[in-house]
Amino acid sequence: MRHQHRERFQQCRRPARRGRRLPRAAQRRVVVRRGLWGELAQFPIPRAVVRQRRIAAGWVLPMAGAPIERGAVLIGAHGRIQSIGPDHVVPRPPGVAASEFPDAALLPGLINTHTHLELTGFQGQVTEAEFPSWIRSLRQLKTTRTPDEYVQAARRGLADCYAGGVTTIADTGDSGAVIKVLAEAGGSGIAYQEVFGPHPAQAKESLAGLERRVQELSHLTSSRVRIGVSPHAPYTVSAPLFSSVAAFLRTYFLKQGFRDGIQGLMIAMFTAYGVFLKYAKLWERNNLNK
């Protein structure tokens with residue numbers, strides 16, 4: 001029996017992965033609104049050129065040590081910091097672009113762990129004080145935007161992040177616009193695909209829609225851009241839907257089923273659907289007994 005299990009395990013093992021090509025984001029050109037960065041906004045230019053540069057500033061905040069007055073940072077060919085310290089100490093390699101900002105402070109990019117960039121431009125349009133009416137008004141307002149308008153809104157939101165020093169985001173939305181914008185800009189972050197469904201009867205449809213969107217958007221992921229799954233809230237996601245999404249998340253993300261391509265996605269979908277059927281039968285039985 002043990003020998004049979006070993007043979008079956010050998011047959012099911014994941015085949016060795018072939019060499020990977022460069023992420024899509026690394027092959028593209030970066031487009032950032034020109035007025036935000038001054039000299040640094042001379043885009044589009046290749047990412048390799050963006051990464052190789054020397055930046056000096058009135059203050060450099062390395063975070064791992066004390067602030068450095070009149071400091072500088074040297075960024076190498078692979079986008080990693082090669083040297084940091086006082087301006088007169090940091091090397092000046094020939095051929096590497098150099099910028100100086102004597103009235104600025106240079107610090108690592110900030111991380112915003114809760115954004116909704118697809119909603120950029122909606123500020124001031126939803127004024128209800130109570131949450132139920134507020135969320136209904138917002139969902140109604142979202143129906144007035146086209147897919148292209150969501151992408152444009154996400155681009156404006158990402159540009160605003162860059163202008164405020166935010167370079168990495170964790171965004172939640174259901175339009176798929178933010179992961180598209182992150183990929184085209186060579187940005188950094190996670191785009192969580194949101195799912196709703198407060199009634200158990202909605203679980204099957206909501207789960208199918210979530211799986212479809214994850215499959216459609218997975219090709220946009222890279223070493224810098226990832227996709228995730230986010231049930232909206234306990235009061236807008238039923239127990240069957242939440243449990244099904246959790247099963248999908250465990251199989252496809254935590255157990256790295258995404259590495260197996262479409263086969264891994266199908267396994268995650270069937271796993272989630274199996275959990276859904278269990279809860280659907282339980283819900284049906286409880287309602288028949290009432």
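Quick notes
- Just one residue in the set P86, P93, P67, P108 is under 30 Å from A191 (Cβ atoms) and surrounded by 12 or more Cβ atoms within 10 Å (Cβ to Cβ); that residue is P108.
- Scanning region 187-219 for residues that are farther than 19 Å from F253 by Cα, of a type outside the set (A, V, I, L, M, F, W, C) and surrounded by fewer than 19 Cβ atoms within 10 Å (Cβ to Cβ) gives P198, H199, Q202, K204, E205.
- Condition met for S244 (in contact (Cβ under 8 Å) with a residue 12 or more places away in the chain, farther than 15 Å from H114 by Cβ and surrounded by fewer than 17 Cβ atoms within 10 Å (Cβ to Cβ)): no
- Residue that is modelled with the lowest pLDDT, among those in region 28-86 that are under 25 Å from S222 (Cα atoms) and of a type in the set (G, A, S): A41
Quick grid of which residues meet (1) within 10 Å of the chain's Cα centre (by Cα); (2) free of Cβ contacts under 8 Å to residues at least 40 places away in the same chain:
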site	(1), (2)
T167	no, no
T172	yes, no
S175	no, no
G186	no, no
Q202	no, yes
E216	no, no
R224	yes, no
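- The condition of being assigned to a strand (DSSP E or B) and either over 16 Å from T113 (Cβ atoms) or outside the structural domain of T271 (by TED's automatic domain parsing) (or both) does not hold for Q152.
- One residue from G157, G197 being touching a residue at least 12 places away in the same chain (Cβ under 8 Å) and more than 14 Å from the chain's Cα centre (by Cα): G197
- Residue within region 128-135 that is exposed (fewer than 14 other Cβ atoms within 10 Å of the Cβ) and either among the aromatic types (F, W, Y) or assigned to a strand (DSSP E or B) (or both) present: yes
- The residues of region 116-146 that are without any contact (Cβ under 8 Å) to a residue 60 or more places away in the chain and within 19 Å of the chain's Cα centre (by Cα), listed by number, are H116, L119, T120.
- The criterion of being surrounded by 21 or more Cβ atoms within 10 Å (Cβ to Cβ), under 20 Å from the mean Cα position of the chain (by Cα) and modelled with pLDDT under 90 holds for P231.
- Search result, residues across region 61-82 that are free of Cβ contacts under 8 Å to residues at least 24 places away in the same chain and β-branched (V, I, T): I68, I81
Conditions (1) assigned by TED's automatic domain parsing to the domain that holds T167; (2) at pLDDT 70 or above; (3) surrounded by 13 or more Cβ atoms within 10 Å (Cβ to Cβ), marked per residue:
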site	(1), (2), (3)
S223	yes, yes, no
I227	yes, yes, yes
Y235	yes, yes, no
S238	yes, yes, yes
F248	yes, yes, yes
Y252	yes, yes, yes
L265	yes, no, yes
A280	yes, no, yes
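- If you go through region 165-186 and pick out every residue that is of a type in the set (S, T, Y) and within 21 Å of R145 (Cα to Cα), you end up with 2.
The values are calculated or read from the model by the stated rules, or taken from the named source; none is laboratory data. Note that the structure is a prediction, hence the values are computed from the model and not measured. Cβ atoms come from the backbone with ideal geometry, glycine included; neighbour counts cover every protein chain shown.
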